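Accompanying notes for the structure given below.
The values are calculated or read from the model by the stated rules, or taken from the named source; none is laboratory data. As the structure is a prediction and not an experimental result, all values here were calculated from the model. A quick note on method: Cβ atoms are made from the backbone with ideal geometry, for glycine too, and the neighbour counts reach across all protein chains shown.
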Amino acid sequence: MRVLVVEDEIKTASLVRHALEAEGFLVSVCPRGDDALTAAVAGTFDGIVLDIMLPGRDGLSLLRELRAQGHATPVLLLSARGKVDERIAGLNAGAADYLPKPFVLAELVARVRALGRRAEAPATELRVADLTLDTIFHRAQRGGKVFDLTAREFRLLEYLMRCSGQICGRMSIIEQVWDYDFDPGTNLVDVYVRRLREKIDDGFEPKLLQTVRGAGYVLKAAP
Amino acid sequence: MTIRTRLTLWFAGVLTVSLLVMSSGTFLEIAEQLRHAHRQSPAARAARETSEMILEAGLPAVVLGLLGGWWLMRRALSPVARLTRAMEQIHERNLAEPLPRSGNGDEIDRLTEVFNSLTVRLDASFQRIHEFTLHASHELKTPLTILRGELETALRDGPADAALKHRLASQLDEIERLAKIVDGLTLLARADAGQVELQMEPVRLDELVRECVADATILAHPQAVAVRLEACAETTVQGDRHRLRQLLLNLADNAVKYNQPGGRIQVSLVQEGAEARLEMTNTGPGLAPALQTRVFERFFRGDTSHNHAVEGCGLGLSIAQWIVRAHRGEIRFVSQPGQLTTVTVRLPVATN
């Protein structure tokens, strides 16, 4: 997957490049808004990571211009500002996703990967190792044992299973499972994950739900 | 015209009126005396006439003088009273609105002018503080992003030394906390600057409360704190769904954090007339009355000797207060050391 990273802050750009490259993405970096537009129009990128504050041309206007020229490349917006509601402004301008700074790199990688997955229809039956989840019958089971999950726990498990093998950041979990657009500043996610882990991992091997310190959680079959 | 001139003129007027009343009284008295001059002895007549004069002309003149003086003072001081009433309405957020001036150039008008320029200067410095916080919280985000990214990369590369790994992870936790504080500050700074737009719509508050109680139950579980929903009346308010959820979660988080192991949290939502009243009570150690007015201050931590172990960014209740005010509601914190602590939120219900 080819990704264009538009970010003028050199250190941030280099961190993002290395994190994405480590996950097998092909990365081009562009520090200026006007140059980035030329590159985005000319190149064949599968996704664009776009900072809002840029020299040359700001991210939102770049995005609008790109859409006006008929390019549908999915865009993940980054922002440290937040003067007006940039999340809403960004999504209205045609961004697929929005990540406020300071972000967790693993979260950024997970979201860039999700950019490429947008078109796929979601599966109704999910499986990770011997854990299965049926979104139609609202049933989760492992090794013949059906779990008694609350609605929230079910959504959390479904989200982690849909992203299985990838790190899910706390903020993505908060957005996807709780539908909050703010960081609640509590350890709500950690407490829920702990309870979910007690249900799906206690008494089973291997342990599927793992903590990635400082980054989030990952559900995966192989250790 | 200055107040001195005005007062002098009014007083001259009052005195003239009194003098006129007194002289007309005296004139009538003397005329009557001349008609009956022949009847009585001169000494007795003089005594009677004097007392009559005092009674009929002197007393009314004194009363008139008193009333006139009272009216005079009232007139002279009424601009001061108006100014006092106007000044009482001033608070941090309407500093830039000038007090109304009479425009007649007197001492009070001049005072109002000076006071207005003072509040404008004060407003400008408040503005600068707000802008500073706003810029500071934005400027902090880029270095925080880099720091966090560097540490994450270092951890992902997997340092061989377990102790080093532990130290890096601990640094990452602290950066996480710093990021939360910066987030909270940014939100409050933006709110101060009037840059946060609420997405107002009719919201079923009772549904949000049930949802929050479910989350609070999970949050409280590790400390064996029991959460009970005492009442939950169907209530619709005009509000921003996300902000109201943030409010409820902040209050619940606070009730859990400052509780004691094995304690209780009681939540109730009732509708009283045009008001929704939410009460959240916890069995924490409580707070001395002197400190209670300060709980909504930013970074206020209560009795630090008790609470230093409590995690959090110290902005939860400030954010809660902002959300309630932005919904034209009222939030109160009532606590007694050793007794129950109750946070009460009142919000206007939606009108159809």
Looking at (1) more than 19 Å from A:V104 (Cβ to Cβ); (2) out of contact with any Lys or Arg (no Cβ under 9 Å at 6 or more places or on another chain); (3) surrounded by fewer than 16 Cβ atoms within 10 Å (Cβ to Cβ), which one does A:G56 not meet, given that it meets all the others? (2)
Does B:T145 satisfy the criteria of being within 23 Å of the chain's Cα centre (by Cα), crowded, with 17+ Cβ neighbours inside 10 Å and not in a loop (DSSP other than H, G, I, E, B)? no
Being away from chain A (no Cβ under 12 Å), over 26 Å from B:W322 (Cα atoms) and part of a helix (DSSP H, G or I) is the requirement here; does B:R128 meet it? no
A:G47 vs (1) in contact with a Pro (Cβ under 7 Å, 6 or more places away or on another chain); (2) within 29 Å of B:G184 (Cα to Cα): all pass except (2)
Find the residue count for region A:109-118, including only residues that are surrounded by 11 or more Cβ atoms within 10 Å (Cβ to Cβ) and part of a loop (DSSP other than H, G, I, E, B). 0
Given the options A:A22, A:A39, name the one that is within 11 Å of chain B (Cβ to nearest Cβ) and either surrounded by 15 or more Cβ atoms within 10 Å (Cβ to Cβ) or out of contact with any Cys (no Cβ under 7 Å at 6 or more places or on another chain) (or both). A:A22
Can you go through B:V295, B:V237, B:V256 and tell me which one is over 25 Å from the mean Cα position of the chain (by Cα) and either within 29 Å of B:T133 (Cβ to Cβ) or in contact (Cβ under 8 Å) with a residue 40 or more places away in the chain (or both)? B:V256
With the structure loaded, tell me whether B:T112 is touching a helix residue (DSSP H, G or I) at 6+ places or on another chain (Cβ under 8 Å) and within 30 Å of B:D183 (Cα to Cα) or whether it fails that test. no
Residues in region B:103-127 that are in contact (Cβ under 8 Å) with a residue 60 or more places away in the chain and at positive phi: how many? 1
Qualifying residues in region A:160-181 (those that are under 30 Å from B:L187 (Cα atoms) and more than 11 Å from the chain's Cα centre (by Cα)) - the one surrounded by the most Cβ atoms within 10 Å (Cβ to Cβ): A:L160
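How do the helices (runs of 4 or more DSSP H) wholly within region A:119-217 filter down when requiring 2 or more residues that are within 14 Å of chain B (Cβ to nearest Cβ) and free of Cβ contacts under 8 Å to residues at least 40 places away in the same chain: which remain?
Filter on region A:119-217 gives A:151-162, A:188-201.
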Do we have any residue at all in region B:240-255 that's touching a strand residue (DSSP E or B) at 6+ places or on another chain (Cβ under 7 Å), within 23 Å of B:S318 (Cβ to Cβ) and surrounded by fewer than 22 Cβ atoms within 10 Å (Cβ to Cβ)? yes
Just one of the numbered conditions (1) in contact (Cβ under 8 Å) with a residue 24 or more places away in the chain; (2) under 30 Å from B:D192 (Cα atoms) is not true of B:R93; which one? (1)
Considering residues that are at pLDDT 80 or above, surrounded by 12 or more Cβ atoms within 10 Å (Cβ to Cβ) and β-branched (V, I, T), the number found within region B:1-20 is 2
In region B:226-276, how many are within 15 Å of B:V213 (Cα to Cα) and of a type in the set (G, A, S)? 6
Can you name every one of the strands (runs of 3 or more DSSP E) wholly within region B:175-286 that holds 2 or more residues which are at pLDDT 95 or above, away from every other protein chain (no Cβ under 11 Å) and in contact with a Cys (Cβ under 8 Å, 6 or more places away or on another chain)? B:264-272
Filter pass, B:E152 being part of a helix (DSSP H, G or I), out of contact with any Cys (no Cβ under 7 Å at 6 or more places or on another chain) and facing another protein chain (nearest Cβ under 8 Å): yes
